[in-house]
1. What's the extension gain from L99 to V87 if we count 0.36 nm per residue and subtract their Cα-Cα distance?
2. Taking Cα centroids, how far is the range 75-130 from the range 174-197 in Å?
3. Beta carbons within 10 angstrom, averaged per residue: use that to sort the peptides 58-67, 89-98, 155-164, highest first.
4. Over all distinct Cα pairs, what is the inverse of the mean 1/r for the range 12-222, reported as the Kirkwood hydrodynamic radius in Å?
5. Between Rg and the Kirkwood Rh of the range 18-94, both from Cα atoms, what is the Rg to Rh ratio?
6. Can you tell me the 0 to 90 degree angle between the C-alpha axis of helix 13-36 and the longest principal axis of the chain, rounded to 10?
7. Which whole-number percent gives the relative contact order of the chain, counting Cα pairs below 8 Å spaced six or more residues apart?
Amino acid sequence: MSAPHTVAAHAPPSARYNTLWLLVGVAALSVAIGWFTNEHVITRDVYHRVLDARLDASRVDAQFDFVQQVAVWGYLATPIVLMLRLVVVAMTVQLFLLLGADVPFRVVFRAACWASLAMCAATAARTAYLFLLPADAITPASLQVVPSSLASLVMYPQDYKQPLYSLLNLVNVFEIAWCVILYQALRNGSRVTARSAALATAGTWALLSTLQWAFTAYLAAAS
């Protein structure tokens with residue numbers, strides 16, 4: 001078995017600045033989507049509609065008020081959370097790339113940043129879907145709908161507690177776009193072979209999706 005080849009990728013200063021501005025743009029977009037969701041989608045009435053069956057009205061109001069009070073801190077923490085998520089994704093990609101090539105971390109991180117735009121689009125699509133629903137139609141089931149997902153095409157939203165629903169939710173246009181962007185960014189940013197880029201992309205998506213599915217299925221079963 002031949003040793004992994006080393007990919008030489010000395011990023012010029014312009015590439016580093018491009019990565020920085022890309023990261024800033026993704027963070028700003030994430031904050032904007034979060035602010036719009038908190039202000040115009042997940043309102044006090046929605047909180048009552050979703051939680052009244054489990055909590056009394058006073059506790060629902062207290063929880064909503066608390067969330068509103070700490071929302072600013074959530075916005076401030078968004079860049080940190082985003083950075084941590086991208087680092088985890090990039091480290092996972094690099095782990096799979098080690099099977100065929102030694103790629104500098106900055107190259108992989110930049111590819112993960114580009115791919116994160118697809119996840120921003122997914123969040124924006126879910127927010128738009130909920131915003132366009134009548135207020136009385138937002139339920140725990142509708143909060144789990146991912147537009148364009150396989151689950152939204154072959155299952156009912158009321159089935160959201162089933163593990164199969166969570167699994168099919170992960171098969172959607174935005175996840176496919178994430179894979180395509182990540183693959184193309186790896187190919188463009190370095191001399192990674194098509195085989196290595198495809199293996200790293202597929203392996204990362206499969207691993208992270210499995211973890212997300214298991215966590216989502218557990219929360220749905222516990223609710």
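FYI, it's all coordinate maths here, none of it is from the lab. All values derive from a computational prediction rather than experimental measurement. Cβ sites come from the backbone with ideal geometry, for glycine too, and all protein chains shown count toward neighbours.
1. Contour length minus the Cα-Cα distance gives 2.4 nm.
2. 12
3. Order by mean packing, descending: 89-98, 155-164, 58-67.
4. The answer is 18.8 Å.
5. 1.13
6. That helix lies at roughly 10 degrees to the long axis.
7. 26
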